[in-house]
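The next block holds one structure in the form of structure tokens; read it before the comments.
The values are calculated or read from the model by the stated rules, or taken from the named source; none is laboratory data. On a predicted model such as this, the values are computed, not experimentally measured, just so you know. Quick reminder, even Gly has a Cβ in these numbers, built from the backbone with ideal geometry, and neighbours come from all protein chains shown. All accessible areas refer to the heavy atoms of the entire protein, side chains included, with ligands and DNA or RNA removed. Shrake-Rupley method; radii C 1.70, N 1.55, O 1.52, S 1.80 Å.
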Amino acid sequence: MSVRSVMSQAARYLSSILAVLIATLVRLWLDPLFGERSPYITYIIATIAMAWYAGPGPATTTMVLGFLSAFYFFASPRGSFQVSGADAQVATLWYVATGVLAITVTELTRSAERRANAVALQLQEKQALLEREVRERWEAQAECTSLLRRIVSIQEDERRRISRDLHDQCGQDLTAMRLELKLLTESLQAGGDVQGRLETLRRLIGQVMDEIHHLAVRLRPSVLDDLGLTTAVENYLGSWREMTGLPVDFECRGWDGRRVPEEIETALYRVLQEALTNVARHAATDAVNVLLTRDADHIDLIVEDRGRGFSAQAAPSVAPARLGLRGMKERMEAVGGRLEIESTEGQGTTVFARISLKV
């Protein structure tokens, strides 16, 4: 029991003694009115008051001390503790019964209050828990809705990109093939140079096949499914180097041939694609460094260029819409990873992707 609790308990019992003293003084003041009749009237009031405010222990103390005080000072014969006469005995029994009843009723009321407060507290806690669960459900639903919107947006962006690539690459070559077929028909009718036209058609057909192959690789390279991430990255860097003419320094550390989950390979491969697309379109660099490392806990992908970069102030507004940074971050978050981008104007950009291998 703490010191504060002991002091509080002592204060309640001291208040019970003080209540008896006050009841005695009041009874003395009323003595000309009551005389030896109703010696307990002020003490029963003090007992009820102490039962309500101080509890059963101090109230019992008040009742006992009041009983002794009433008998000694106000009951007949005064100055003794002897109970004489039927009226005195009945008054004593009435006083004791009333005091015990007051203490019992007060304690039962207190106990009911405590139980009611405990039930109310439990109801408040359950209500708070339900409100939190409802709020979490609404937040989860809102997050799912936002995720679905982002998925649809990503799909539409991908369709738009495929449509643009088909139009810009294959469409031009197919139009040229159509013109060549028309010229070939005219040459056959006029007896002109057919061999040259056929050679041009062969070259255009080869270009269309290469472009379709590149599109298929960008959509989903089969080597990623068959041979894994490192081989797919090497192949993609080779084709990207041929397409852009930029040198790429690729370093791979810690890979021992073990595969990682498909969703992790796909996410890292897409981040690499998007990062290199940004380099080709916006960086204006003369070299690119790619580092792919793996240890027991993490896989790290770093794509670094020494191009023009962009300012941190532009990143929240212009850069995500233009460079696809949001899509890269969402891909990483979907597999429990994170994406960080550091860029300084005139000094280049570094894309850092990390995925934890611990579940």
Any hit, the range 236-243, residues being more than 30 Å from residue 284 (Cβ to Cβ), surrounded by fewer than 16 Cβ atoms within 10 Å (Cβ to Cβ) and modelled with pLDDT under 85: no
Of all residues making up the range 281-297, the number that are out of contact with any Asp or Glu (no Cβ under 9 Å at 6 or more places or on another chain) and surrounded by 15 or more Cβ atoms within 10 Å (Cβ to Cβ): 1
Criterion: over 23 Å from residue 334 (Cα atoms) and either at pLDDT below 75 or not in a helix (DSSP H, G or I) (or both) - qualifying residue of 204, 130, 184: 184
Selection from the range 255-280 of residues that are assigned to a loop (DSSP other than H, G, I, E, B) and open to solvent by less than 50 Å² (accessible area, probe 1.4 Å): 260
Single unsatisfied condition, residue 160 versus (1) at pLDDT 80 or above; (2) loosely packed, with under 11 Cβ neighbours inside 10 Å: (1)
Residue check for residue 248: of a type in the set (Val, Ile, Thr) and either over 36 Å from the mean Cα position of the chain (by Cα) or open to solvent by 20 Å² or more (accessible area, probe 1.4 Å) (or both): yes
Sole residue being at pLDDT below 85 and either open to solvent by less than 40 Å² (accessible area, probe 1.4 Å) or in contact with a strand residue (DSSP E or B) (Cβ under 9 Å, 6 or more places away or on another chain) (or both), chosen from 40, 13: 40
Test: residue in the range 45-67 that is under 55 Å from the mean Cα position of the chain (by Cα), open to solvent by 70 Å² or more (accessible area, probe 1.4 Å), among the hydrophobic types (A, V, I, L, M, F, W, C) and at negative phi: yes
Meets criteria (open to solvent by 60 Å² or more (accessible area, probe 1.4 Å), farther than 29 Å from residue 62 by Cβ and among the aliphatic types (A, V, I, L, M)) for residue 105: no
